[in-house]
Amino acid sequence: MNVSIIGSGTMGVGIAQIAATKGHKVILYDSFSTALENANNKLKKILDRLVEKERINKKESEEILQRIDFTDKIESIKESELVIEAVIEDLDVKKKIFIEIENIVDEKCIIGSNTSSLSIASIASSCEKANRVIGIHFFNPAPLMPLVEIIPAVQTTSNTIEKTKSIIDSWDKITVIAKDTPGFIVNRVARPFYGEALRIYEEGIADFATIDWAVKEIGGFRMGPFQLMDYIGNDINYTVTETVFTAFYFDPRYKPSFTQKRMMEAGYFGRKVGRGYYKYDKEIPKPNQDRILGKKILWRILSMLINEAADALYLNIATKEDIDLAMTKGVNYPKGLLAWADEIGIKNILNQLESLQLEYGEDRYRPSPLLKRMAKENKRFY
């Protein structure tokens, strides 16, 4: 099968690597020749490291590279059976690209977008044959992260969904089906992980290091929220938050933080520039390891995460199994949030949320109707 990737940034290169590793002929297109040169060099280094670690041999490395055509001529995608767009998160830019793609490829070609939060229906509306447009959202780094969210638009046919799922499954990825709503599963459900941590900091309850310590040491998460935002990039993370907030008609649950906005405005994007919430040329500050405080921090963030997962289920964004799978495989949460809710007790989660809502008087903390109903009927998710 011929696969084309539009955009030679980090995600584009990663997806191209996956497809080529699985034996597909791949076109990696970018309008900037310098970006293609950088992508080629980057992929060579990645493959060399895999050879050093004995994950692949030299011959396999050479074959993967030989299957990828790095090109600045978009006409090269003509024979593609699957095209995945992986460019900047800008709706107008994506729409223009999709118009261009549709004018080149065969009408049977599936056209996917790797957008992390934009409307698939809106992107698809730029195409005359919108029924073959679908969201195919990989996570960074794409070759390592097992999860892929598949997001049908309202225009997408069941045949396109089935074919897309079959292809991505054959790439040894774990696929989940998500409704076309802002943030899909992961980038919607995960918002409180960042937002509530920022709120706790802004209230002066704890500093960055202490919040990160509580979430990792007591909660079992691989990375704390501030470490993760610095890893992702404050520019990227803030943009997703702002996109979700706006797309949900300014629902206070997704309200962006001025702390993060100022970090972004200052150019403190995180690890990639050497400074974010932490200064990476200096030793990371020591946390306050008060476990009582740590449990209070974790409990507040976790309750908000579970509430968001419950609301995603309530609104039929995905099945309970796919929601839990998405959070464990897409962002490495230690447990599925709905299974975790059963373990903690749904009434306990509800009590925490109602207590926060009473204290702050904000709709931000409103419990999902599903949690209220389940607590009343003494039900569990599993």
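The values are calculated or read from the model by the stated rules, or taken from the named source; none is laboratory data. The shown structure was predicted, so the numbers you read here are calculated from the model rather than taken from an experiment. All Cβ positions, even for glycine, are placed from backbone atoms using ideal geometry, and neighbour counts span all protein chains on display.
Taking the condition at pLDDT 95 or above, under 25 Å from the mean Cα position of the chain (by Cα) and at negative phi, does SER80 pass?
No, not satisfied.
Matching residues to (1) more than 18 Å from the chain's Cα centre (by Cα); (2) in a loop (DSSP other than H, G, I, E, B); (3) more than 20 Å from GLU308 (Cβ to Cβ):
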| position | (1), (2), (3) |
| --- | --- |
| ALA206 | yes, yes, yes |
| GLY220 | yes, yes, no |
| ASP230 | no, no, yes |
| ASN237 | no, no, no |
| THR246 | no, no, no |
| PHE250 | yes, yes, no |
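Do we find a residue being in contact (Cβ under 8 Å) with a residue 24 or more places away in the chain, at positive phi and assigned by TED's automatic domain parsing to the domain that holds SER122 anywhere in the range 23-36?
Yes.
Just one of the numbered conditions (1) in contact with a Gly (Cβ under 9 Å, 6 or more places away or on another chain); (2) under 17 Å from THR10 (Cα atoms) is not true of ARG67; which one?
(2)
Quick one: THR241 ticks every box in (1) buried (at least 21 other Cβ atoms within 10 Å of the Cβ); (2) outside any helix (DSSP H, G or I); (3) hydroxyl-bearing (Ser, Thr, Tyr) bar one, so which box is it?
The one condition THR241 does not meet is (2).
Looking only at the range 209-230, which residues are under 13 Å from ARG300 (Cα atoms), of a type in the set (Gly, Ala, Ser) and buried (at least 23 other Cβ atoms within 10 Å of the Cβ)?
Matches in the range 209-230: ALA214 only.
Listed here are the residues, each with its yes/no results for (1) outside any helix (DSSP H, G or I); (2) farther than 30 Å from PRO152 by Cα; (3) free of Cβ contacts under 8 Å to residues at least 12 places away in the same chain; (4) not assigned by TED's automatic domain parsing to the domain that holds PHE138.
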| residue | (1), (2), (3), (4) |
| --- | --- |
| ASP281 | yes, yes, yes, yes |
| LYS286 | yes, yes, no, yes |
| ILE297 | no, yes, no, yes |
| ILE323 | no, no, no, yes |
| PRO334 | yes, no, no, yes |
| ASN351 | no, yes, yes, yes |
| PRO367 | yes, no, no, yes |
| TYR382 | yes, no, no, yes |
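Residues in the range 252-279 that are of a type in the set (A, V, I, L, M) and part of a loop (DSSP other than H, G, I, E, B): how many? Before you say what the answer is, go through the steps one by one.
Within the range 252-279, the first condition is being of a type in the set (A, V, I, L, M), and the residues that meet it are 263-264, 266, 273.
Narrowing further to those that are part of a loop (DSSP other than H, G, I, E, B): 266.
Summing the residues that are of a type in the set (A, V, I, L, M) and part of a loop (DSSP other than H, G, I, E, B) in the range 252-279 gives 1.
Being surrounded by 16 or more Cβ atoms within 10 Å (Cβ to Cβ), out of contact with any Asp or Glu (no Cβ under 8 Å at 6 or more places or on another chain) and aliphatic (A, V, I, L, M) is the filter; apply it to the range 252-294 and report the residue that is nearest to ALA310 (Cα to Cα).
Restricting to residues being surrounded by 16 or more Cβ atoms within 10 Å (Cβ to Cβ), out of contact with any Asp or Glu (no Cβ under 8 Å at 6 or more places or on another chain) and aliphatic (A, V, I, L, M), the top hit is LEU293.
Take the residues of the range 164-204 that are closer than 20 Å to LYS335 by Cα and polar (S, T, N, Q): which is farthest from the chain's Cα centre (by Cα)?
The qualifying residue farthest from the chain's Cα centre (by Cα) is THR175.
Would you mind stating whether ALA197 is of a type in the set (Gly, Ala, Ser), assigned by TED's automatic domain parsing to the domain that holds PHE245, out of contact with any Cys (no Cβ under 6 Å at 6 or more places or on another chain) and not in a helix (DSSP H, G or I)?
no
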